[in-house]
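Below is one structure, written out as structure tokens; comments come after it.
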Amino acid sequence: MIGSNLFTSEAVTAGHPDKLCDQISDAIVDSFLTSDRAARINAECAVAHGVIFIAASYAASTSIDIPEVARTIIKDVGYETGEFNAADCSVLTSIRELPAHQRFESADDELDSSNLDALTVSNQVTAFGYACRHTDALMPLPIWLARHLCQRLHERSDKLKTSPLSPDATVQVGIEFKDRQPKRIHSINFTVHSEQACDTEDLRAEIVSEIIKPVVAKESIRVDKRTRIFLNHQGPILSGGPVVHSGLTGRKTAVDTYGQFARHSESAQSGKDPLRIDRVAAYAARHAAKNVVAAGLADECELLLSYSMGLAGPVSVQFETFGTEHFDQGDIHAAITRHFDFRLGAIVRDFALCDLPAEHSGNFYRRLAAYGQVGFTDLAPPWEETQVAEKLREDLAS
Amino acid sequence: MTDLSQGQLHHPAPGATRARLEVLHATVPGRIRFRCGELRRNPSLVSRFEHELLDYSHFKAVEANPVTGTLLVFYSDITDVSQITSQIGSWLSDTLPDSIQQNESEEGGDEPVWHTLRVAETLARLGSKRGGLSATAIALRQAQFGANALPETRGPSDFSNFWRQMVSWPVALLGVSAVVSIATGGLVDAAAIGTVILVNATVGFATERQAEKTISLINKSPDHTVEVIRGNKQILVTRTSIVPGDVLLLTPGTVIAGDARIIEANRLTLDESMLTGESMPVEKHPERIDKVRLPLADRSNMTYLGSMVTGGSGRAVVVAIGANTEAGRIQDLAQTARPPQTPVERQLDTLGGQLALASGIACVGVFAIGMLRGRALPSMLSSAASLATAAVPEGLPTVATTTLALGIHKLGSRGALVRRLDAVETLGTLHTVCLDKTGTITENRMSVASVVVGDKTVGMTELTAAVAGDITILDNVLHGAEGLLKTAILCSDAEAKGDPSDPQFSGSPTEVALLRAAKTMGADLFSLRDAYPRLRTRYRSESQRYMSTLHRGRDSGRFLAVKGSPREVLDLSTQLRVSDGELRDLDEDWRARILTANEALAQRGLRVLGVARSATLEDDGVEPNGVEPDNLIWCGLVGLVDPIRGGVKQTLEAFHRAGIETAMITGDQSSTAQAIARELDLANGKRLEAIDSVTLDQMDPDLLAGILRRVHVFARVSPAHKLAIVQALQRGGKVVAMTGDGINDGPALRVADLGIAMGGEGSSVAGELADIVLKDDKLETLIGAIAQGRTIFRNIRKSVRFLLSSNFSEIAVMAVGTAISPAAPMNPMQLLWINLLTDVAPALALGLDPPEPDELLRPPRAPMTPILDRRDLRRLIYEGLTMTAGGLASYGYATLRYGAGPRASTHVFMTLTLSQLLNAISSRSEHHRVFGNRQLARNPFLTASVAGSIALQGLALFAPPLRKLLGTTPVSLSDLIAIAASAITPALINDATKPSRDGLVSSTNAQDKSATTQPDAPETSL
């Protein structure tokens, strides 16, 4: 970026139809892994006209009442009454049960060097991980703010005094940058929906005081007098949700990752089990990038991992530090290669991906789907930990 | 009388205020026609009129008509009309208070408009009470009103049926030729034509009558029992003994026995589709409605004969029975209506007409050729006339009716009772079968398999062993299970009777299973209900998927017992008893554990019920009906297993092989449904498509139609939505069969292309509505029925093809022969003989061909497939031409050897007859070789008729009287060889050149290409 620049990222609330589908898909993954950690599952969800379509293929020792899972999520997200609601909506499922031997049989085995190479990837992907110093969580500021605003908006949508809002809303945040550093909040753009008519001005005022102020207070950046705040700028507040616009798993990959501040893989992450490299490579890449920045090796780091089918490890590991590196790039690369094992089996083992749902009472991947696959530190996923930073620092200091 | 004129019609008679008596027509001396509203549907009044009025000396005759409500009086003396009117009027007023008025009249009159009256008023008018009628009142009314039965429908008379056989274009053509024969002096010919017509008509008439007899036998409904309240007691009586004033008890599944006014209703819903066409159940209430003129469908405080209770409960008092009901009135009007023609019959009718036309033209052509050749007019005329007779396949429509009728008989002997003629045809085009889970796929013989107390699952066998002391289980689990079962059986209608150690159970299978389980646990079934008397019942309904009952507690309090859908009952519960007997709050954690246990049970394919009860509450004076379930104490889950019927899996496989899709419909939760679908391999190895919805009927119909294209399982679907499913599938262009066995299935069974009921106990209600009843509850019977249905169409095709190719050869031989040779190749008698011999018996016998071996391995045909298309016609002409060539060759040989004359005629006559008989045999298969084919199943009828015909043909050759009649001459051995050769050769050629199924894809097999699905590429990895 050159000179002053505006960068925008958008995020959506958990009730947005696309995100709803992501959550349903991941809730299905959670359910399967909770009762059978060796289960393989691929679930996709679409919602249109108030009908939910779920396609699932799985190999597991149990089976799950998929429509019930979907209804639980729909209710949880806030669609309890109204035209589209958890009890009344129709759920169409298309299910393929695969033979039991296709489960992740080595889930219970000790994954060490001898058998890690045997666990090859069966999907190809180029995954990206990114970290920067905009926030304490080492996430880019635009998406960070947008996500938190959405989270707060969703929590309070039915409690707003002016008018209860639909669970479906979008927030776009524009940050002014100078020399790749965030300077000020340029604008925040809310698009909300509601069944009832309401006064836009009052609602806007309430959003500013109830939603924006508390969220921004936790950051180092502030809303100033020139910050423009829009509420449904393009028109009146209409009804929303799945009845009005349809949703599909995997259509909010930017919201899931870095808000396009960094590159991201086009593969959807929700609905896939831990053995899918096109899901978990993004975690590994984020982990490495975050630790590189946490260790002070650079102020910004974007890591690229490429995988080809049939191999256990990546065919390419590259990174970009945008001129912020404090050490020789070759040394950094060597350190990365030394301290991070990007093989599929290693990722699964190190992050204990198959056990995370059970450890979180069956509610892990679903929350990632709602609030961010990477950078959602409230849940403290393993790839957000920075223990390796210490070792990296030591390595490069010597 | 003198002061009456034509203009004075419809004036109200003086003095006839209460009983409306209008003079309709009094201009003719000696007779008056009155209208009397009271007469309508009041046979007792009618008979009294007709007898008692004659006591008056000046009345010569009295005729009263209960249908139109008019009275015709013939009188002798010169009496004033007004005097007669007032006499009759006062007689009426005197008579009427004795008899109870019946039924409302839409034109007003003096009958009460029931739906505008209050309940109390209604009861008063009927002389009845909430507690029902006394025995004496009942006896009186039964004598007065007679049995509660709809009069037998008089179908069209036998004569009109017979006459109908003869009214068709082919017969018309024959008639013309008979007339022509008479005109040309050929009386014998005319007689022969007449015989042909009569023979055909008789055969058709006989088989049709047989079919209708079979059908009406099935349609005779048995005398069902009805629950009524008489003398304050609830008893079971036969439907026919119901009288006006009887109080009917309405519970789910009750069929209404007579038109009745609702006096009590509790979420009462009824299916009135038979009368109003409204397919969804309607809710009823007892309040009066002020509007007098109200369409039937809007009378929400009335219920009518033939309606069925689909939910809730209530009571109704009968206002009309028998022919006086709305249903009876409709039947009156529809008495002489004929059932419509089936599609195949219609097609054959059209075909017959077209052929008659074509034959007529051909005969005119032959006539013209003959005239051009300079033959005598009379002989040419009679020739052409006989050719018309011979060429027209007048038995064409009969073939369809006969085959269908005989098909019905065959199906009946295999255990599939068919109600309608076109059901047999529909069987052949079936695409999709929707199977009800309970009762069709499963045996509907439930038993408790497991019980979940808290979060502990324990099997029934373990519980039984624990009670017997063989094993020990946790105390609280044992007690919890006991309490659970006791609560469950309090909240149920099932009964135990007889010997306490070995009782007889009656009731729904689910509830009986609970009774059995409770008994094994040692519960005292007989005293339990007495110890906790029931105060009110609320049945499971569409909007409330649980049943709740209110009971008096041990001391003065009351408590609720609730059982039903696990999730809904769990939502109503706020506490549960844990291991130390303490009451604990039902927090999220416990709810999750219970739901997990529910899931585990469901995955085993069990039907799961949740049971809860309230704490014993003080009787706070709230009316029993007002007590709502709330804050219940969760007792646990019951898992019931309903075994899958033996043979169902194989039957479903057979369906899939036959290109028929299957779908399972159940009210169970998704997991249970999927477990069963997996066990049965319902998806046939492909992805299992399931839909879980309680709002199917509210979905956009086109969306639903699109979604349902490939759905295998419908879960949590209430039976009332079956209708939406059927309609959506039909919108997708499929021919749908729906199975049903009980309440709420009515509309779906009616709308489906084929409604199927499983015969056997408890299903008689659906049995009356279904098109096919499967005796012995065997689903496999349906496979046989489908094979039969497909075969029938195929056999009709065979008959038609046979008739057409044979007759074509006759026309061709005559045309060419007349053109070339000096004399006509065959004389009229010979033509008629061929016709009788070959067109009747062999064609019918072909209709009885057994199913081809691969019948059930091919996809169904499209419903509107024509019997013959262009390709078929081309093939037929080809076959006809080979036979023509054979016939002409024989004629040519004989002419060359013996000259044109009777001898040559004999040759071609013999050749053609033989040729056609062989063609009949060859027509047994369109694609396979018949001669020498050992794999083809035998058709004894065809063999017999061909053999018989050959024998008769032999007689024609050797028996002198026949020879004289037919004009045949003796033949030598070499002649016989020549005849045989020219008959057998075309048959062999036709047989050998049959197109294979793939080679020449005809329209009936067009489905093959589109239905050949690529097997799903197996997913090897995720």
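The values are calculated or read from the model by the stated rules, or taken from the named source; none is laboratory data. This one's a predicted model, so the numbers in the text were calculated from it and none came from an experiment. Glycine gets a Cβ as well: all are built from the backbone with ideal geometry, and neighbour counts include every protein chain shown. The protein model used for the area step is the full one, side chains on, heavy atoms only, and it has no ligands, DNA or RNA in it. Shrake-Rupley method; radii C 1.70, N 1.55, O 1.52, S 1.80 Å.
Yes or no, residue by residue, for (1) part of a loop (DSSP other than H, G, I, E, B); (2) modelled with pLDDT of 95 or more:
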| position | (1), (2) |
| --- | --- |
| A:145 | no, yes |
| A:155 | no, no |
| A:162 | yes, no |
| A:167 | yes, no |
| A:173 | no, yes |
| A:176 | no, no |
| A:184 | no, no |
| A:195 | yes, no |
| A:201 | no, no |
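Against the list (1) surrounded by fewer than 20 Cβ atoms within 10 Å (Cβ to Cβ); (2) under 31 Å from the mean Cα position of the chain (by Cα); (3) modelled with pLDDT of 85 or more, the condition residue B:854 fails is (3).
Residue A:19 meets the conditions (1) away from chain B (no Cβ under 14 Å); (2) open to solvent by 30 Å² or more (accessible area, probe 1.4 Å); (3) of a type in the set (Lys, Arg) in every case but one. The failed one is (2).
When we screen A:296, A:241, A:235 for residues that are at pLDDT below 95, farther than 19 Å from residue A:342 by Cα, of a type in the set (Gly, Ala, Ser) and crowded, with 24+ Cβ neighbours inside 10 Å, the only hit is A:241. In the set (1) polar (S, T, N, Q); (2) under 23 Å from residue A:14 (Cα atoms); (3) open to solvent by 10 Å² or more (accessible area, probe 1.4 Å), residue A:270 fails one condition alone, (3). Scanning region A:239-295 for residues that are among the small types (Gly, Ala, Ser), farther than 18 Å from residue A:351 by Cα, in contact with a Pro (Cβ under 9 Å, 6 or more places away or on another chain) and away from chain B (no Cβ under 14 Å) gives A:240, A:241, A:247, A:259, A:262. Could you check region B:909-958 and list, in sequence order, the residues that are assigned to a loop (DSSP other than H, G, I, E, B) and among the hydroxyl-bearing types (Ser, Thr, Tyr)? Those that are assigned to a loop (DSSP other than H, G, I, E, B) and among the hydroxyl-bearing types (Ser, Thr, Tyr): B:923, B:925. Within the bounds of region A:121-142, is there any residue that is assigned to a helix (DSSP H, G or I) and touching a Phe, Trp or Tyr at 6+ places or on another chain (Cβ under 9 Å)? Yes, region A:121-142 contains at least one residue that is assigned to a helix (DSSP H, G or I) and touching a Phe, Trp or Tyr at 6+ places or on another chain (Cβ under 9 Å). Of all residues in region B:794-815, which are at pLDDT 85 or above and open to solvent by 10 Å² or more (accessible area, probe 1.4 Å)? B:794, B:801, B:804, B:808, B:811, B:812 - these are the residues of region B:794-815 that are at pLDDT 85 or above and open to solvent by 10 Å² or more (accessible area, probe 1.4 Å). For region B:675-685, taking the residues that are touching a strand residue (DSSP E or B) at 6+ places or on another chain (Cβ under 8 Å) and either more than 10 Å from chain A (Cβ to nearest Cβ) or touching a residue at least 60 places away in the same chain (Cβ under 8 Å) (or both), the one that is most open to solvent (accessible area, probe 1.4 Å) is identified as B:679. When A:64, A:24 are checked against the criterion of being part of a loop (DSSP other than H, G, I, E, B) and either buried (at least 21 other Cβ atoms within 10 Å of the Cβ) or within 13 Å of another protein chain (Cβ to nearest Cβ) (or both), A:64 stands alone in meeting it.
Residue pairs whose Cβ atoms lie under 9 Å apart, sitting 6 or more positions apart in sequence or on different chains, and linking a residue in region B:689-702 that is more than 8 Å from every other protein chain (Cβ to nearest Cβ) to a partner that is surrounded by fewer than 16 Cβ atoms within 10 Å (Cβ to Cβ) and not in a loop (DSSP other than H, G, I, E, B), are B:701/B:731; B:702/B:731. Flag not set for residue B:598, criterion: more than 14 Å from chain A (Cβ to nearest Cβ) and either in contact with a Cys (Cβ under 8 Å, 6 or more places away or on another chain) or not in a loop (DSSP other than H, G, I, E, B) (or both).
Restricting the first member to region B:617-631 and to residues that are under 12 Å from residue B:552 (Cα atoms), and the second to residues that are modelled with pLDDT under 80 and surrounded by fewer than 10 Cβ atoms within 10 Å (Cβ to Cβ), the beta-carbon pairs closer than 9 Å and six or more apart or on different chains are B:618/B:556; B:619/B:556. Would you call residue B:862 over 21 Å from residue B:975 (Cα atoms), in contact (Cβ under 8 Å) with a residue 24 or more places away in the chain and open to solvent by less than 50 Å² (accessible area, probe 1.4 Å)? So residue B:862 fits the description; yes.
Among the residues making up region B:288-303, a single one is open to solvent by 40 Å² or more (accessible area, probe 1.4 Å), closer than 19 Å to residue B:314 by Cα and touching a residue at least 40 places away in the same chain (Cβ under 8 Å): B:288. Just one of B:389, B:426, B:438 is assigned to a helix (DSSP H, G or I), open to solvent by less than 10 Å² (accessible area, probe 1.4 Å) and polar (S, T, N, Q); which is it? The match here is B:389.
In the set B:209, B:130, which member is out of contact with any Cys (no Cβ under 9 Å at 6 or more places or on another chain) and part of a helix (DSSP H, G or I)? When all the criteria are applied, what remains is B:209. Answer yes or no as to whether residue A:42 is more than 18 Å from residue A:349 (Cα to Cα), surrounded by fewer than 24 Cβ atoms within 10 Å (Cβ to Cβ), polar (S, T, N, Q) and without any contact (Cβ under 8 Å) to a residue 12 or more places away in the chain. No; evaluated as a whole, the condition is false for this residue. Filtered by the rule that a residue be more than 16 Å from residue B:571 (Cβ to Cβ), outside any loop (DSSP other than H, G, I, E, B) and open to solvent by less than 50 Å² (accessible area, probe 1.4 Å), region B:520-549 gives B:525, B:528, B:536, B:537, B:538, B:549.
Inspect all residues belonging to region A:261-279 and state whether any of them is over 13 Å from residue A:365 (Cβ atoms), among the basic types (Lys, Arg) and part of a loop (DSSP other than H, G, I, E, B). Yes - at least one qualifying residue is present in region A:261-279. The criterion of at least 2 residues that are at pLDDT below 85 is met by the following strands (runs of 3 or more DSSP E) wholly inside region B:232-332: B:259-271, B:308-320.
Put simply, of B:652, B:640 the only residue that is in a helix (DSSP H, G or I), open to solvent by less than 10 Å² (accessible area, probe 1.4 Å) and more than 14 Å from chain A (Cβ to nearest Cβ) is B:652.
When B:584, B:567, B:554 are checked against the criterion of being open to solvent by 50 Å² or more (accessible area, probe 1.4 Å), assigned to a strand (DSSP E or B) and out of contact with any Pro (no Cβ under 8 Å at 6 or more places or on another chain), a single residue qualifies: B:584.
Residue-by-condition table, conditions (1) out of contact with any Pro (no Cβ under 7 Å at 6 or more places or on another chain); (2) more than 14 Å from chain B (Cβ to nearest Cβ):
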site	(1), (2)
A:98	yes, no
A:129	yes, yes
A:135	yes, yes
A:143	yes, yes
A:152	no, yes
A:175	no, yes
A:184	yes, yes
A:188	yes, yes
A:198	yes, yes
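Identify, from the list A:114, A:122, A:94, the residue that is more than 10 Å from chain B (Cβ to nearest Cβ), open to solvent by 10 Å² or more (accessible area, probe 1.4 Å) and farther than 30 Å from residue A:6 by Cα. Only one candidate qualifies: A:114.
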